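Single-structure report; data block below.
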Amino acid sequence: MTRYCSFCGTKIREDGVFCEGCGREIKSEKETKKEIEQKFREELKQEIKEELEKEQRIKEEKLKKVRKKSDRSQPLTWKVTKRDLIYIAIILFALFLFLVIVMPYIIPH
Ligand SMILES: [Zn+2]
């Protein structure tokens, strides 16, 4: 199999360890693949990180805008979020369970 230097493209002898063109060490195909994969992964990580940071920035800007708006129009209203609704539902369910399970024992027949 013919190999070529990954740096300068010079043809390399099968048993060659160093490139005749640029003198760099020739790595086996496996090692090169590993390096490319590593590089690719790092680039991907960097890209994801940048993307996340961008999203974070956009979110923060939106939040700031929303805050400014709500500050002006209705400063003291408590906004019910989905999370609050879930809490309320859990509390109501617990009360219901309490009534169904405990009340028959409390009320005399
Ligand atoms: Zn070379």
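Please treat every number below as a calculation from the coordinates, not as lab data. These numbers come from a predicted model, not from an experiment. Cβ sites come from the backbone with ideal geometry, for glycine too, and all protein chains shown count toward neighbours.
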Yes or no: the stretch 80-89 includes at least one residue that is under 27 Å from the mean Cα position of the chain (by Cα) and not in a helix (DSSP H, G or I). yes
Six or more apart or on different chains, Cβ atoms under 7 Å: show the pairs whose first residue is in the stretch 18-46 and free of Cβ contacts under 8 Å to residues at least 40 places away in the same chain and under 18 Å from F7 (Cβ atoms) and whose second is within 16 Å of the ligand (Cβ to nearest atom) and aromatic (F, W, Y). C19/F7; C22/F7; R24/F7; R24/F18; E25/F18; I26/F18
Is it the case that some residue within the stretch 64-86 is aromatic (F, W, Y), exposed (fewer than 10 other Cβ atoms within 10 Å of the Cβ) and either away from the ligand (no atom under 16 Å from the Cβ) or touching a residue at least 12 places away in the same chain (Cβ under 8 Å) (or both)? yes
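Which one is surrounded by the most Cβ atoms within 10 Å (Cβ to Cβ), of the residues in the stretch 13-22 that are near the ligand (Cβ under 8 Å from one of its atoms) and within 20 Å of E35 (Cα to Cα)?
C19
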